[in-house]
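Here's the structure we're looking at; comments come further down.
The values are calculated or read from the model by the stated rules, or taken from the named source; none is laboratory data. Since we're looking at a predicted model, the values are computed, not measured. No Cβ is skipped: glycine too gets one built from the backbone with ideal geometry, and neighbour counts run over all protein chains shown.
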Amino acid sequence: MSEPTENSRPLRVVVADDQAAVREPLAAVLDLSEDIDVVAAAADGNGVLDAVAAGPVDVVLMDLRMPVLDGIETTRRLSEEHPEVAVVVLTTFADDDSILAALGAGARGYLTKNAGRQDIVRAIRAAAAGQSVLDREVQDRLLATVRARPAASGPRLPADLTPREREVLTLIGQGLPNRSIAEKLFVSEATVKTHINNLFAKAGIRDRADAVRRAIAAGLA
């Protein structure tokens, strides 16, 4: 049974993959969820951009290796031109360069094609709600990369973060959504959102994917 979303309408999703044998069945399976409406299926980045321009679109499920315009550049274009559209990467590639490039381009989620339908649906819902979902393998590789290359892990966390803000960042780094963070801290979701807003402003964090990277770099996750 589908979980309800915050909005009364279904989430409008574009599925992007250059292989029709993957793209079409995936779109059909996602359409079975009551709260997801696959509005377009694209074979390359230009198709994605056209679908978003025709919009409205909430989430793009993005393959990385596509002809003409690949997933990384398409994600970067969407982040700049349509920041309201969330990108969840779904790919066979889980190497360090692909992961860092996708998250750096603005992807909110990163899954490998080993993910099941429910994992993909949850990632779409989370991304639409402004949350980040990373495959466990992806989280492990990010952690390994940060440990191996500490100089490239980014700026330090500011000293004026409160203990609660550091705690929230730790839980974000563990991939928890706001509701789960609120339950762990015994506070309301509104309070969690306030801490996140303050944390992001102080630390110059762009989004939850960036927060995950910063939490890992700081050894909090």
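Taken together, the criteria place Ile72 among residues that are surrounded by 14 or more Cβ atoms within 10 Å (Cβ to Cβ), in contact with a helix residue (DSSP H, G or I) (Cβ under 6 Å, 6 or more places away or on another chain), more than 13 Å from Ile120 (Cβ to Cβ) and assigned by TED's automatic domain parsing to the domain that holds Tyr110. Among the residues of the stretch 108-128, those that are closer than 16 Å to Val85 by Cα and either basic (Lys, Arg) or at pLDDT below 85 (or both) comprise Arg108, Arg125.
Going by the conditions given, is Thr170 of a type outside the set (A, V, I, L, M), in a helix (DSSP H, G or I) and either at pLDDT 80 or above or farther than 22 Å from Ala102 by Cβ (or both)? Yes; evaluated as a whole, the condition is true for this residue. Looking at the stretch 14-33, which of its residues are more than 18 Å from Ala123 (Cβ to Cβ) and either surrounded by 18 or more Cβ atoms within 10 Å (Cβ to Cβ) or in contact with a Phe, Trp or Tyr (Cβ under 9 Å, 6 or more places away or on another chain) (or both)? Passing the criteria: only Asp18.
In the stretch 94-131, the residue that is farthest from Glu189 (Cα to Cα) out of those that are part of a helix (DSSP H, G or I) and among the β-branched types (Val, Ile, Thr) is Ile99. Leu220 - would you say it is surrounded by fewer than 20 Cβ atoms within 10 Å (Cβ to Cβ), modelled with pLDDT of 85 or more, in a loop (DSSP other than H, G, I, E, B) and not hydroxyl-bearing (Ser, Thr, Tyr)? The answer is no for Leu220. Are any of the residues in the stretch 54-70 more than 18 Å from Gln19 (Cβ to Cβ) and assigned to a helix (DSSP H, G or I)? So far as the stretch 54-70 goes, yes, one or more of its residues are more than 18 Å from Gln19 (Cβ to Cβ) and assigned to a helix (DSSP H, G or I).
Out of everything in the stretch 51-68 that is among the charged types (D, E, K, R) and closer than 25 Å to Gly130 by Cβ, what residue ends up being surrounded by the fewest Cβ atoms within 10 Å (Cβ to Cβ)? My answer is Asp58.
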